[in-house]
Every structure is written in C-alpha cells, then in structure tokens.
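The values are calculated or read from the model by the stated rules, or taken from the named source; none is laboratory data. Since we're looking at a predicted model, the values are computed, not measured. Cβ placement follows ideal geometry from the backbone for every residue including glycine, while neighbour counts extend to all protein chains displayed.
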Amino acid sequence: MVYNELLFIAGLALIAYFYSSVGHGGASGYLALMALFGFAPESIRYYALMLNLVVSAVAFVSYYRAGFFRGRIVWPFLIASMPSAYFGARLSIDPVAYKIILGIMLLIAVLRMLLIRNKENTSVKDPPYHIAIVTGLLLGFVSGVIGIGGGILLSPLLILAGYARIKQAAAASALFIFLNSATGLSGLLSKQIDFRPEVIYWMLTVLVAGFIGSANGSHSFSELNLKRVLSVILLAASLKLFFF
C-alpha cells in the first residue's frame, strides 16, 4: 500500500513538472494516472481539477513574471469558455465520443507542430474576436465535460494559428486553465464527492513540482525544447483520451 502511494505521488510530481513547463496544469495526466490507480470515476474529475488549479496558478505566475503574458490573445477565449466550462462540468453524459474526436485533433496538432518548422522571427497577430468567442465556447464546454482546464486544446491552436509564440501560449494557457478549472470545479460541487484527506499532500506535491517546472520552462528552456516537450505532452494526452 505504501509503495503504491509513493508511486502515485511520484507520478503526480512528474506530471506537474513537465506540464507546468509549458504552462499547463496536468489534468489530462492526472486523469490517466488516477484511472490507472483505480480511483472512483465520479471523483476523478474533481481531484484532477483541484490539482490543475494549483499547478496552473504557479505556471501563470512564472510566465507572467518572465514577461510572456499577452492578455489580448486570451481574454476573448476566456469570456466565452468560463460559463460553458461550468455547464459542461454539470452535465452527466458519456464523454467517449468527445474523447475520440479530441484525441484525433490532438494527434493532428502534434504532427503539424513536429513537421512544420516555425520561423523564429515570425510576428504574431491577435485572434479575431468572433472566432475567439466561438472557439472559447467549444473549448470550455468540452473541457468541462471531460474534466480538464483546456490548455492542451488552446496551446496548439494559439501556436499553429500564429496568435502566439510558444512561451506566450504557455502564459495564456496557464490563465485559461486556472479560470476554467475553477468554474468547472464549481460546477461539480453540487455532486456528491467522497473527499480524501490525502489530497492536501497531493496538492503540496504538485505545487513544488509545478514551481520548478514552470520556472525552468519560462527561464531556462529554449523555444525549441519547449516545443518538443509540448508535442510529447499533446501526444500523451491524445493517447490518454483514446484509452482512458
């Protein structure tokens, strides 16, 4: 039993470190890890969003302090995504179809990011407001249904559409994830959740790992290395959507 608990905590730390390095909270990783360890399905989304809140907050602070946050690229998405994440989280529907579609979309995004070489000096543009609103609605709703913050969906969109460089996308995604996780979590509060006291230790674990990961990502890692880490994370997230 102790061995399993230590293995679980080590898994949380690794997920928080690598996800936070690219501005993500790690919900897709936590969901897969908890499924592997046999957590009750009705509580997995709740715990994943709680851990997501901690890591995304730390990641946002790190990237914000490093000067990579551009509010104009994320606020239009957030305005629409937050209420839709709340309603998505309140729905009790089978998310299998969403997971398959999202898994395919993420695989396509990974291939594009790996095969298309971005020019380092390419300027970024602000997203059209109407497109950001519609996209935010969709991202928020799907994130709420599945139990993630939506960063694995927003990051490749911002980068591939030319709305942000990779570190700017990390900063934007961290805030997007934090606020959507908060609204999604509030949508789950009406449901009966078996709260586990050890979640406090899990939160402390991901807090430390997330701090180290986001500090490395915002200051030490090159954009090329971050792109590689993000591609691996998106690939892992897509596989998780197919199999968990």
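Annotations
- Some residue of segment 28-35 being closer than 17 Å to Leu185 by Cβ, over 11 Å from the mean Cα position of the chain (by Cα) and part of a helix (DSSP H, G or I): yes
- Residue within segment 204-217 that is over 29 Å from Leu137 (Cα atoms), modelled with pLDDT of 95 or more and among the hydroxyl-bearing types (Ser, Thr, Tyr) present: yes
- Residue ID - surrounded by the most Cβ atoms within 10 Å (Cβ to Cβ), chosen from residues in segment 180-191 that are touching a residue at least 40 places away in the same chain (Cβ under 8 Å) and outside any helix (DSSP H, G or I): Lys191
- For Ala164, the criteria (1) at pLDDT below 90; (2) of a type in the set (A, V, I, L, M, F, W, C); (3) more than 30 Å from Ser43 (Cα to Cα); (4) not in a helix (DSSP H, G or I) hold in every case but one, which is (1).
- Failed criterion for Gly71 (all others in (1) out of contact with any Asp or Glu (no Cβ under 7 Å at 6 or more places or on another chain); (2) over 26 Å from Gly217 (Cα atoms) hold): (2)
- All of Tyr47, Tyr30 fail the test of being modelled with pLDDT of 85 or more, in contact with a Leu (Cβ under 6 Å, 6 or more places away or on another chain) and under 22 Å from Asn4 (Cα atoms), apart from Tyr30.
- Segment 19-38: number of residues that are in contact with a helix residue (DSSP H, G or I) (Cβ under 7 Å, 6 or more places away or on another chain) and without any contact (Cβ under 8 Å) to a residue 60 or more places away in the chain: 4
- Any hit, segment 209-224, residues being without any contact (Cβ under 8 Å) to a residue 24 or more places away in the chain and polar (S, T, N, Q): yes
- Residue tally, condition over 17 Å from Ser62 (Cβ atoms) and either surrounded by fewer than 21 Cβ atoms within 10 Å (Cβ to Cβ) or among the hydrophobic types (A, V, I, L, M, F, W, C) (or both), over segment 16-32: 3
- Within segment 163-179, residues that are of a type in the set (S, T, N, Q) reach partners that are buried (at least 24 other Cβ atoms within 10 Å of the Cβ) with beta carbons closer than 6 Å, at six or more positions or on different chains, in the pairs Ser173/Gly23; Ser173/Gly151; Ser173/Leu154; Ser173/Ser155.
- Residues satisfying the stated conditions in segment 54-102, i.e. part of a loop (DSSP other than H, G, I, E, B) and either on the phi > 0 side of the Ramachandran plot or modelled with pLDDT under 80 (or both): Gly67, Leu91, Ser92, Ile93, Asp94, Pro95
- Pairs, first crowded, with 24+ Cβ neighbours inside 10 Å in segment 124-151, second in a helix (DSSP H, G or I) and among the basic types (Lys, Arg), C-beta under 6 Å, six or more apart: Gly147/Arg45
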